[in-house]
Amino acid sequence: MQKKILITLSLLASLIVSNKTAAQVNPALATVFTADSVESGNAKDILTNFFQLALNNLIGDHKEINISSNPFAIMLKRNPKLSLDKSYKRYKPLRKLNFNLGMKLDSSFNFNGFSSGLKYSIIDQTDASTSKLISQKLHTDPLGLERDILADALNEQLLKISNQAEQIKFVTSINNLFQDNVPLNKMDAGFQEIVKAIVKEKKLDKLADVFNRKAGKSFRTIDSLNFKELKNSIKNNLLWTIGVSDSTYKDKFRFSHISIVSELSKGIFDPEPGDNNLEINVRAAMDFSNDTLGSGRNLDRKIFSLEPGINWVIRDKTTERPFLEVKFSGSYYHNFANLYAGEKKDSLTLNGTLRIRILEDIWIPLEIKYDPKTGNAFGFLNIRANFTGLGKLLKGKS
């Protein structure tokens, strides 16, 4: 009979937890967006988690308006419940895929063709919201292991209670401790004594520290702080993508340019939460474009480029969000096609990019390329707007 009651109570507890989980769409979205908000602007240019509007080369002759996204972001906008754990992880391949559509403009802002592209992240260890490393650490850290011991001991204590009403009360207290945002010192005095006795008997020092020196903090609050530290530990991890993009002429919409690009970003060291950090960024591309020395429209002009660089990310110490980035890089170009007048097979440039975050979602990257042999400098003014399109949902609005 006692076992039947225990099973019933366990089912009741599971039902309570599952109902609360289903209702917590906004906190789930908040976790996803928090992970996205600490990414560098450089990393978001490589792979966007939601939506990005880009205005490229605004002061040059070949301007472009481009929007990038991924299939999951569009699905999430229509159905926010997809942010819950099971669905969010199930659609990871869709989140690793980016597509972009753009419109080209000439110096007078007249239409000059379309552009499009696909990009896929071969390795993305920077996604804090589904990181296997974070999941593993959350389940194997000392506090988590001691919490498992406490849970087992409380279940044993539950078996000793014969009164059904007291059993229900005890299960509710367990749920409040482990699931709800209720600190131990705000709970029933009798339950507090049982928990403290178990902690003392089992020598659970980490939990003793939480209940004594961190009085007033719930397990959920402790988990949030723990998640912040773990998130910081992987934000410098590897991101590696490969993609293909194309541009068309404005009349018959034949391809005027095709590019195969691979890009990599990796943090150099592990700073403390909120501290500035350095990223290595390497971009390799093979470009196929129209060779005007040949007859007709073609893709015979082939140029390989390699651009290694270092990006310095300056962060707000309170929010960890980057607000300024300075990138230094060098580019090597090799021309496999016919050479134009004054052109060489191999060439080098020195590059600098200054990214300024003027609003929460809007960056202004200013790129400068300098050719040390000719002394020529080229400037590119861009604007990047990285946005979620789900701000109202985060605030609890429909």
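The values are calculated or read from the model by the stated rules, or taken from the named source; none is laboratory data. Since the model is a prediction, treat every value here as computed from it, not as a measurement. Cβ placement follows ideal geometry from the backbone for every residue including glycine, while neighbour counts extend to all protein chains displayed.
The set of residues in region 42-60 being within 11 Å of the chain's Cα centre (by Cα) and either more than 23 Å from residue 312 (Cβ to Cβ) or charged (D, E, K, R) (or both) consists of 44, 50.
Does residue 92 meet the test of being touching a residue at least 12 places away in the same chain (Cβ under 8 Å), in contact with a helix residue (DSSP H, G or I) (Cβ under 9 Å, 6 or more places away or on another chain) and not aromatic (Phe, Trp, Tyr)? So residue 92 fits the description; yes.
Residue by residue, here is whether (1) surrounded by fewer than 13 Cβ atoms within 10 Å (Cβ to Cβ); (2) at pLDDT below 90; (3) over 18 Å from residue 57 (Cα atoms) holds:
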| residue | (1), (2), (3) |
| --- | --- |
| 95 | no, yes, yes |
| 106 | no, yes, no |
| 112 | no, yes, no |
| 115 | no, no, no |
| 120 | no, no, yes |
| 123 | no, yes, yes |
| 126 | no, yes, yes |
